[in-house]
Amino acid sequence: MKSISALAAIIPLLPVTEALVGLDWSASNIPSTGLKDITFPISIADAPHETGFYFAQQFSFNGVSDVGYTGLQPRPDANGASVIHAVFSSFVSGSTSDDENCHDGADGGAGVSCAVEIPASYSPMYHLVIKNTQGTTWTGTLVDTVSNTETHIGEYTLPSGTGGIKESQVGFVEYYPWNSAGGHTCDSLPFTNATFGNPTSTESGVKGTVGKPYEYGDCVGKVQFDVKELADGYAVSVGF
């Protein structure tokens, strides 16, 4: 169980108003300059096919204080097919991109936001691959681990001098309609389930671990939070 001081250090990095679940991840044996690639496994097999939930992992870079996000968001079915929205964002001031999937700004602040929406099954474990391609340029790719289909999410360039990805950060499950709904009741949260796997890297000797998810925010103890440990990660559920 996390200590109060450990949670206090992590929670300011997480979404607040729509807060539901947080989880930390870490990687050992990383180079002093940081990782050049990292892969976050996420499954949303039992998520509702509607807009609202965001299942994400954050990552930090050496040399700057702000973070990047990557994750999955469900969408309503279209033309008889399920739809997945994949996100790859930078909150680092001075980030730039000319990628057609990206635009300036992230959640109303500095940075770059990239996203792609595709007809895709919710069943597979998806890999969200963050990779340095040259200099301070990074790409985000969505990989269906069943079909091995790769989908480009976006690419952005961080300010000169930015290093590789740091050894730890936090992830989250949020229900973002609560951000603009003018208040909410905890018992109105739709049910969802997601699996977060241990992060991996192609760099030699690196070992990634995802921590046990925990509740936070104003609905702690009120949304049927449940977590199960798996062989290589955790499954978490909330809602009704």
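For this structure, a couple of remarks:
- Checking each residue in the stretch 1-30 for being open to solvent by 20 Å² or more (accessible area, probe 1.4 Å) and modelled with pLDDT of 95 or more picks out D24, S26, S28, N29, I30.
- Candidate set: the stretch 121-141, residues that are without any contact (Cβ under 8 Å) to a residue 60 or more places away in the chain and either within 18 Å of the chain's Cα centre (by Cα) or closer than 26 Å to S160 by Cα (or both); chosen: the one most open to solvent (accessible area, probe 1.4 Å): Q134
- For the stretch 31-76, taking the residues that are within 18 Å of P213 (Cβ to Cβ) and in a loop (DSSP other than H, G, I, E, B), the one that is most open to solvent (accessible area, probe 1.4 Å) is identified as D46.
- Of all residues in the stretch 75-94 being touching a residue at least 60 places away in the same chain (Cβ under 8 Å) and within 19 Å of the chain's Cα centre (by Cα), the one that is nearest to G154 (Cα to Cα): F88
- One residue stands out in the stretch 191-214 among those that are surrounded by fewer than 18 Cβ atoms within 10 Å (Cβ to Cβ) and over 23 Å from K131 (Cα atoms): the one that is nearest to the chain's Cα centre (by Cα), namely K212.
- Looking only at the stretch 163-185, and only at residues there that are hydrophobic (A, V, I, L, M, F, W, C) and modelled with pLDDT of 95 or more, the one that is nearest to D46 (Cα to Cα): V173
- Residues (of a type in the set (A, V, I, L, M, F, W, C) and touching a Pro at 6+ places or on another chain (Cβ under 9 Å)) located in the stretch 154-180: F172, V173
- Residues that are assigned to a loop (DSSP other than H, G, I, E, B) and touching a residue at least 40 places away in the same chain (Cβ under 8 Å), drawn from the stretch 95-120: S95, S97, D99, N101
- Unique residue being surrounded by 14 or more Cβ atoms within 10 Å (Cβ to Cβ) and either in a helix (DSSP H, G or I) or among the basic types (K, R) (or both) when the list is P159, P177: P177
- Test result for P190, assigned to a helix (DSSP H, G or I) and closer than 22 Å to L72 by Cα: no
- Filtered residue count, the stretch 215-233, keeping only those that are open to solvent by 50 Å² or more (accessible area, probe 1.4 Å), hydrophobic (A, V, I, L, M, F, W, C) and touching a residue at least 40 places away in the same chain (Cβ under 8 Å): 1
- Selected residue (criterion: nearest to the chain's Cα centre (by Cα)) from residues of the stretch 215-231 that are in a strand (DSSP E or B) and not hydrophobic (A, V, I, L, M, F, W, C): E215
- Among (1) surrounded by 20 or more Cβ atoms within 10 Å (Cβ to Cβ); (2) outside any loop (DSSP other than H, G, I, E, B); (3) not charged (D, E, K, R) - the single one V92 does not satisfy: (2)
- Annotation: V170 fulfils all but one of (1) in a loop (DSSP other than H, G, I, E, B); (2) open to solvent by less than 40 Å² (accessible area, probe 1.4 Å); (3) within 25 Å of S93 (Cβ to Cβ); the unmet one is (1).
The values are calculated or read from the model by the stated rules, or taken from the named source; none is laboratory data. This structure is a prediction, so every number in the text was calculated from the model and none was measured. As a convention, Cβ positions derive from the backbone with ideal geometry for all residues, glycine included, and neighbour counts pool all protein chains shown. Accessible surface areas use protein heavy atoms only, side chains included; no ligands, DNA or RNA. Shrake-Rupley method; radii C 1.70, N 1.55, O 1.52, S 1.80 Å.
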